[in-house]
Amino acid sequence: MNAYLDLQKIGIVFPTARGPFRALQDINLQVAQGEFISLIGHSGCGKSTVLNIVAGLLDATEGYALLKGKEVKGPGPDRAVVFQNHSLLPWLTVYENVQLAVDKVMPGKNRAERRDWVMHNLRLVHMDHAADKRPGEISGGMKQRVGIARALAMQPDVLLMDEPFGALDALTRAHLQDSVMEIQAELGNTVMMITHDVDEAVLLSDRIVMMTNGPAATIGAILGVDLPRPRDRLALAHDPAYHALRSQVLDFLYNRQARPREAA
Amino acid sequence: MHAQALPLDGPVVEAAANAAVASQPPAIAPAVPPGGEPAAHRRPPNRERNRRIALTLLLPLLTFLAVLAGWSALQKTVAPELPTPAATWTHATSVLADPFYENGPNDMGIGWQLLYSLGRVGAGFGLAALVGIPLGFLMGMSVNVQRAFSPLIQILRPVSPLAWLPIGLLVFKAVDPSAIFVIFITCIWPMILNTAAGVKAIPQDYMNVAAVLKLGKFELARRILFPATLPYVVTGMRLSLGVAWMVIVAAEMLTGGIGIGFWVWDEWNNLNVPSIILAIAIIGLVGIALDLVMGLAQSRLDYTKR
């Protein structure tokens, strides 16, 4: 099978003071182009480690990740990351933060084209009005929008999101989830998102990858979400199919992979 | 003298405050019945402000008056050799009336003395920045450079820079370069250590951004390392300039020639005590001015203070 993104028998062992620690084992996952995948699991299960391996920020001890048939080696803008805590550079304006990525990824385009592309991506996340503000002057949700714009501006093959809405309040989070769904419907990005929010996973994903608890965490089950798109959170609240999917994820997390005591 | 200030405290607190704001669901307007009681208990803001301004002016004035009274009392009782505040004031006005006179190289106005001292501090400070900041960057970026230099710096840092003065005189065989050398030694340790601390304090997130963007070494330094470290560098410069201004007075007392430190010592030899009191006040005021300049630079260059 020739998947767009293909994780083959990935495992990772970290050296620690108390000897080697196996965080991941035998991760196999095939992602199709344009698919929205969520990785869900209890904290400490290594879901962020999977994402960092795909991003190239960590090297797998075993196995490998293939993107469009090529092995992933080191980080690169073809796998743009939206970090949990936005990671905007505080000395640059919103515009300059996105511009940094655009200048790097599109050196062939002229100045006006690059400017248009920066503004286009800021418009996608509804942040063009704050282009000249600094990160310290905008709210947490706005920062995360800019982080998403920066990642989108790289036109990545895969968009990696590491608990992108984890630090936001419920209402802001809902707004951003809607924005991400809109953007994904428009651009057809392939997305891999880490989350610990069951509703978020069901609402956004085509498939939910549920991970077992570490050490030696692996994929416990994969749940296909066949809810029709576009999805509306209010309508879904009364949809039995939505609730059935939600219960399946909850059942996996709380019955089959009971929360480890120390993470409570 | 190497107080590692943590300028990044600012944004952390700010970010926390932002997060707190963001995590509050939009408040529903408080249900005040129409015609309900307005905030009548609050003081008018103008009166509050005027009171605050009056106190910030009045209280220090009282302190200065108390010091003058104490000085007068001391002079009248246990230390009759001290000049009176009034005599000092008269002397000060005559010294300050002509700060830039020149009666040969050994008798120049207090303005010249200050300018010479400032020039030495500026030269030593500038040279220390040229050497210390790049070295601090290298130490922050490379564990091996850190390993190589850290023990040497740790040994030399607690040494009073004045201990280096004889070495300077021996090597340079002249007063000016020796004093500049002492200021260089004074300034270089805080600059190295703060710069290195700044590079090490760069959040891993910024480095991850750089990695995903595949920034080259030069771009990494220009776009990420340098701006992220700048607040620390400026803090190091501000600290070292403050200490340098203290050290130059002592260094010039030893080297002689010209300079505010030499002037203090010369006036002591003439038993001209009012001049010494005047010098103390002026050295203090120039010190404040230098710190204000660095503070201004800090607020312009430090993204955490904008």
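The values are calculated or read from the model by the stated rules, or taken from the named source; none is laboratory data. Source: prediction; values computed, not measured. Ideal geometry is used to build each Cβ from the backbone, glycine not excepted, and the neighbour counts take in all protein chains shown.
In the stretch B:203-213, which residue that is at the interface with another protein chain (Cβ under 7 Å from one of its Cβ atoms) and assigned to a helix (DSSP H, G or I) is modelled with the lowest pLDDT?
Within the stretch B:203-213, the match that is modelled with the lowest pLDDT is B:205.
Condition first: assigned to a loop (DSSP other than H, G, I, E, B), within 9 Å of chain B (Cβ to nearest Cβ), surrounded by 18 or more Cβ atoms within 10 Å (Cβ to Cβ) and not small (Gly, Ala, Ser). Can you find one or more residues in the stretch A:44-57 that meet it?
Within the stretch A:44-57 (the criterion being assigned to a loop (DSSP other than H, G, I, E, B), within 9 Å of chain B (Cβ to nearest Cβ), surrounded by 18 or more Cβ atoms within 10 Å (Cβ to Cβ) and not small (Gly, Ala, Ser)), the answer is yes, since at least one residue qualifies.
Looking only at the stretch A:86-101, count how many residues are out of contact with any Leu (no Cβ under 6 Å at 6 or more places or on another chain), more than 20 Å from residue A:191 (Cα to Cα) and within 12 Å of chain B (Cβ to nearest Cβ).
Of the residues in the stretch A:86-101, 9 are out of contact with any Leu (no Cβ under 6 Å at 6 or more places or on another chain), more than 20 Å from residue A:191 (Cα to Cα) and within 12 Å of chain B (Cβ to nearest Cβ).
Identify, please: which residue in the stretch A:188-203 is of a type in the set (Val, Ile, Thr) and more than 11 Å from the chain's Cα centre (by Cα) and is, among those, surrounded by the fewest Cβ atoms within 10 Å (Cβ to Cβ)?
Top of the filtered list is A:198.
Within 30 Å of residue B:84 (Cβ to Cβ), away from chain A (no Cβ under 11 Å) and either more than 27 Å from the chain's Cα centre (by Cα) or surrounded by 16 or more Cβ atoms within 10 Å (Cβ to Cβ) (or both) - does that describe any residue in the stretch B:214-232?
No - not one qualifying residue is present in the stretch B:214-232.
In this structure, is residue A:97 over 30 Å from residue A:220 (Cα atoms) and modelled with pLDDT of 95 or more?
Yes.
Quick check on the stretch A:73-85: of everything there that is more than 7 Å from every other protein chain (Cβ to nearest Cβ) and either surrounded by fewer than 23 Cβ atoms within 10 Å (Cβ to Cβ) or touching a Cys at 6+ places or on another chain (Cβ under 9 Å) (or both), which residue is farthest from residue A:141 (Cα to Cα)?
A:73
Which condition number does residue A:123 fail, the rest of (1) surrounded by fewer than 18 Cβ atoms within 10 Å (Cβ to Cβ); (2) away from chain B (no Cβ under 14 Å); (3) touching an Asp or Glu at 6+ places or on another chain (Cβ under 8 Å) being met?
Against the list (1) surrounded by fewer than 18 Cβ atoms within 10 Å (Cβ to Cβ); (2) away from chain B (no Cβ under 14 Å); (3) touching an Asp or Glu at 6+ places or on another chain (Cβ under 8 Å), residue A:123 comes up short only on (3).
Mind checking which residues of the stretch B:150-184 are without any contact (Cβ under 8 Å) to a residue 40 or more places away in the chain, assigned to a helix (DSSP H, G or I) and either surrounded by fewer than 16 Cβ atoms within 10 Å (Cβ to Cβ) or of a type in the set (Val, Ile, Thr) (or both)?
Passing the criteria: B:150, B:151, B:152, B:154, B:155, B:156, B:163, B:166, B:167, B:170, B:171, B:172.
If you check residue A:227 against the conditions, is it of a type in the set (A, V, I, L, M) and within 19 Å of residue A:42 (Cα to Cα)? It would help to see each step written out before you state the result.
Values: of a type in the set (A, V, I, L, M): yes; within 19 Å of residue A:42 (Cα to Cα): no.
In short, no.
Check the stretch A:6-21 and report whether any residue there is under 13 Å from residue A:211 (Cβ atoms) and modelled with pLDDT of 90 or more.
Kept after step one, since they are under 13 Å from residue A:211 (Cβ atoms), are these residues of the stretch A:6-21: A:7, A:10.
Filter once more, keeping what is modelled with pLDDT of 90 or more: A:7, A:10.
There is at least one residue in the stretch A:6-21 that is under 13 Å from residue A:211 (Cβ atoms) and modelled with pLDDT of 90 or more.
Within the stretch A:75-89, is there a residue that is basic (Lys, Arg), outside any helix (DSSP H, G or I) and closer than 17 Å to residue B:210 by Cα?
No, the stretch A:75-89 contains no residue that is basic (Lys, Arg), outside any helix (DSSP H, G or I) and closer than 17 Å to residue B:210 by Cα.
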